[in-house]
Amino acid sequence: MRFLKASARRTSFGFLSSCSLINKVILIGISITTLQNNLYGLLPCRFSFRHRKFIFSKPMAFYCFAVATVFGVFYLESLWKDFMSEQFNQLDAIQIYCYMNCIVVLLNYVTQWAIMGQILRFLNTIPLLSTINYFKVSFMSKSRSVLFAILKMIAFPLIMQLTLIVYQKQTHPELSWINTIRTIIPIILGNQLNNCFFGGMVIAQGMFMQINQLLREMLQEVNRMQTPVGLLLLKPYYRMQRFCELADQLDELASKYSLIANYSRKYLVLTSFSLVISLGINLFSTTLGCYRQFQAVADYLTIEDTYDAPRALAHFVFLLIPFLEIVLVACISQQELNEAKEAGNLLQQMNLEHADVRFKQVVDIFWLEVCTINLKLMPMGLLELDCSMVNKMYTTVAGILLFLIQNDLNFRFSK
């Protein structure tokens, strides 16, 4: 038994040592995200090294139920006390954003536990490690996407926490900064599944990018072999052998492409409810934040009320970050869709006039597969995640703001 365990450890260390730097970063990020889901009570399962798969765990399920119960009792009681004591400000963007995320967290607990069977099947069937290790991705090629992920998952909550601390020191200097944790916890937990989806899209976009990079190299070689100079210098036997090798490689890329596209859709299904609810909350928070900024300026100009700069700045931060979260999700989704479509464009550019018959068949099958899949990201079939989503959602925000501002101005000047 000791020899088997040592062999398993050598195998795992050998796998990690064969991974590139960016692949190690991805694996570490996935491990941290899985532990976070366990810690937050969203994933009542664990990885069994004995069975080499994720299994449902009764102790973890009890822990997750306890976390959800404590969270729900604490924040629902707090909401009820604020409402009964008339401390609940319906125009306070920070308080509204916090309590809306509390509702999202409770809904996430219910929905994630309800589909736990689907989540386990997804985690146990996705060939993530082998697919990541198949592509030799450089860190510089993925540095931009990694920075986006760090910005959304780490920088945004940190900026919100620092804003709450500064704002509390200005308004309630007698309170400790630990009191702000009560506000930031629901925001972090409410965005956890969205961060998981965002990280998954970053990984999928990187894999599509690597497939396209290999297709570009193959495109140059295929077209070069069929130029007049290539036909003259290269012997027919060599060209036939090389086309067969390229056909095998292209066949592998086609299977990887189909795998990435299918699992991207499956993962979207698992996180679609939380994603749609959070997008709606970010839309509402941005609208409310803009309206509060207008009210603060209007009160200062019309009734010469004191302009509360710290409050306005805090509301501006909680206005800007939900807006940037929507922009980042739309941006990374659009990049993934562009990379998925680019594969079909590269296949069409290949010259097949003097190519081998098998290579022609593989190219045609791959191109037909890209057209058939036609990857689209539509959570719950309500909206498509791409750059047009930003225009649609904030056209809605502008329309609502115009309506609210018009009513506010009519009320102010009718007195």
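Things to note:
- Residues within segment 228-274 that are more than 18 Å from the chain's Cα centre (by Cα), open to solvent by less than 50 Å² (accessible area, probe 1.4 Å) and not hydrophobic (A, V, I, L, M, F, W, C), tallied: 5
- Filtering segment 275-285 to residues that are within 16 Å of residue 105 (Cβ to Cβ) and either of a type in the set (Asp, Glu) or open to solvent by 40 Å² or more (accessible area, probe 1.4 Å) (or both) leaves only 277.
- Filter result for residue 70 (at pLDDT 80 or above, of a type in the set (Val, Ile, Thr), more than 22 Å from residue 277 (Cα to Cα) and part of a helix (DSSP H, G or I)): yes
- Pairs where the first residue, in segment 312-323, is among the small types (Gly, Ala, Ser) and the second is at pLDDT 80 or above, C-beta under 6 Å, 6+ apart: 314/163; 314/167
- Exclusive hit being at pLDDT 80 or above, within 30 Å of residue 135 (Cα to Cα) and surrounded by 14 or more Cβ atoms within 10 Å (Cβ to Cβ), set 43, 27: 43
- Enumeration of residues in segment 362-378 that are under 17 Å from residue 243 (Cβ atoms), of a type outside the set (Phe, Trp, Tyr) and surrounded by fewer than 19 Cβ atoms within 10 Å (Cβ to Cβ): 364, 365
- Pairs with Cβ under 8 Å, 6+ apart, first in segment 355-374 and touching a residue at least 60 places away in the same chain (Cβ under 8 Å), second of a type in the set (Lys, Arg): 356/239; 370/341
- Residues that are in a loop (DSSP other than H, G, I, E, B), surrounded by fewer than 15 Cβ atoms within 10 Å (Cβ to Cβ) and without any contact (Cβ under 8 Å) to a residue 60 or more places away in the chain, drawn from segment 379-415: 414, 415
- When residues in segment 338-361 are screened for being open to solvent by 20 Å² or more (accessible area, probe 1.4 Å) and farther than 16 Å from residue 223 by Cβ, 7 of them pass.
- Residue 145 vs. criteria among the polar types (S, T, N, Q) and over 30 Å from residue 312 (Cβ atoms): yes
The values are calculated or read from the model by the stated rules, or taken from the named source; none is laboratory data. Source: prediction; values computed, not measured. Here the Cβ is made from the backbone with ideal geometry for all residues, glycine too, and neighbour counts use every protein chain on show. Quick note on the areas: whole protein, heavy atoms, side chains included, nothing else; ligands and nucleic acids left out. Shrake-Rupley method; radii C 1.70, N 1.55, O 1.52, S 1.80 Å.
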